[in-house]
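Below: one structure, written as structure tokens.
Read-outs: derived from the displayed coordinates by stated rules, not from any lab. What you see is a predicted model, and the numbers here were worked out from it, not measured in a lab. Here the Cβ positions follow ideal geometry from the backbone for every residue, glycine too, while neighbour counts run over all protein chains shown.
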Amino acid sequence: MDRLIDDAQALFQAAIRSVQADQLFRQVDLGALLEKPLEAYRRVFVVGTGKASMAMAGAAEALLGDHPVQGLVVVPYEYSECLPDSQRAPSKVKVVEAGHPVPDQEGVEAATQVLRLAASCKEDDLLLVLISGGGSALWPLPAEGLSLEDIQATVRLLLRSGADIHQMNTLRKHLSRIKAGQLAAAAFPATVRVLVVSDVVGDDLSVIASGPTVPDGSTYAEAVAVLEDYGLWERVPSPVQDHLRRGRRGLLPETPKPGDDLFAQTQTVLLGSNREALEAAHATAVQRGYAARIVARDLVGEAREVGCAVAREAMQVEADRPVCLLWGGETTVTVTGSGRGGRNQEVALAAALELDGSDRRIVVLSGGTDGIDGPTDVAGAWVTPKTVSVARDPNPALYLTHNDAYSFFEEYGGFLKPDPTHTNVMDVLIALIVPK
């Protein structure tokens, strides 16, 4: 079983490595991206937000060479101190740390600086924007009439509701002055080029970091519907209700929409996604002798239900050689308990409960490619059919009931701890199965 556990972790590391900035920027053709020589621009600004933005800024500086550059990127707290050795830290672009997943004043101040910088751009300037997962929280910038406290309270409710990232960001976009294309609109008529690492199912550019440079197809009415669907309308702060009501009635301008001339000078490139991570894990599995298959690239649903389904599918495999099954996506957790954990830990624990008692040699691993699972210091966990029995806990299912998977794995082992990876392309789930 140790070999399977080692292989599962090696596949997960291969997935992460394939979507780190230095690897992704190898595909960037600067000449094709800009359509005219770099020297033709009067000024070059680099701004960014998200868990990959510091590493992306370092890679962007390498790409731009000796050309003068200024700007700033925002990452979660402590990210500046844990950049992997494989990644280059920026020397010209300032790195700012701010709150994630709940935004804070540092994020507001950083987003304010970025928006002012964009608004200062002229027609012969270049604004290079680096976007990755986590960017919504790191660039909060409340809409006029809203406070940071209003945004914080709303985000906290959403994080516990079970809403997916598309729904959450529909709301966030209508509570902000920088999201939903408003950054690109502020920079017009400057040249805006956007490099994106996707952390959302389907790679919808208007959803990633709430689409600060992308036209927004959502509406105030849809933002209200998110709160109503999850029973949150009466619980969010009254200024949020008032703002959304006014927007729905047409008393506030909608976010910039597709076809708006403000996006005429903006082009966006999707650099990396969960697809590349899964393909790297697949290639590594084949190299290690597995018959590998990518089962799904768009895995969603309640984490514990997904964990059970993954375990059942693994137990049904019949083959004459070791098999690797791979899933990519992002599950959700409806928080009803007061424990600690994250979606990947819930997936793993639910899989362990389903595998319990099986005589098969199976390892199931679920991990966040950003190296962080929920409000914890781990990326996820791995389990086998013996995880529950070895734990000898009289009722391990209670850990799921209380959303306390972290406590289970802290006590009995199985954590994935790659540290922050400075990338983020959702989650990778791995099942390795040895024939009977």
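Couplings for segment 200-205, taken from phi via the Karplus curve 6.51 cos²θ - 1.76 cosθ + 1.60 with θ = phi - 60°, read 10, 4, x, 6, 5, 5 Hz in order; Gly and Pro are left as x. Based on C-alpha pairs under 8 angstrom that are at least 6 apart in sequence, the chain has a relative contact order of 17 percent. Compared with the dominant principal axis of the Cα atoms in the chain, helix 105-120 is inclined by about 40°. For the chain, the longest principal axis of the C-alpha atoms and the axis of helix 343-355 are separated by about 20°.
Near residue 187: Cβ cut-off under 10 Å, other residues only, Lys/Arg at +1 and Asp/Glu at -1. The net charge is 0. For the chain, set up a GNM with springs between Cα atoms under 10 Å and report which of 247, 337, 307 has the largest fluctuation. Between 247, 337, 307, it is 337 that shows the largest mean-square fluctuation.
Under 11 Å from the Cβ of residue 57, count the other residues' Cβ atoms, weight Lys and Arg +1, Asp and Glu -1, and hand me the total. Walk me through the numbers on the way to the answer.
Values: positive: 88, 92, 94; negative: 61.
That works out to +2.
Note on the chain: lysine pairs with Cα distance below 20 Å, sequence gap of 8 or more or different chains, count 9. Largest mean-square fluctuation among 281, 32, 348, in a Gaussian network model of the chain whose springs join Cα atoms under 10 Å apart, belongs to 32.
Out of all DSSP beta bridges with both ends in the chain, state the antiparallel percent to the nearest 5. Intermediate values should be presented prior to the final figure.
Details: 22 of 58 bridges.
Bridges in the chain are about 40 percent antiparallel.
Restricting attention to segment 275-434, close to 75% of DSSP beta bridges with both partner residues there are antiparallel. In the chain, the longest principal axis of the Cα atoms and the axis of helix 274-287 are about 40 degrees apart.
Each peptide in 75-83, 386-394, 44-52 gets a packing score, the mean of other Cβ atoms within 10 Å over its residues, and the list from highest to lowest is 44-52, 75-83, 386-394. The residues packed around residue 238, meaning those with a beta-carbon under 15 Å from its beta-carbon, carry a net charge of -1 if Lys and Arg are +1 and Asp and Glu are -1.
Database remark: amide H of residue 94 closer than 5 angstrom to the amide H of 71, 72, 73 (H placed geometrically; neighbours at sequence offset of 5 or more, or on other chains; Pro and chain starts carry no H).
Sorted by average packing, counted as other Cβ atoms within 10 angstrom per residue and highest first, what order do 87-98, 8-19 take?
Descending mean neighbour count gives 8-19, 87-98.
Comparing 225, 209, 350 in a Gaussian network model of the chain where C-alpha atoms under 10 Å apart are linked, the largest mean-square fluctuation is found at 225.
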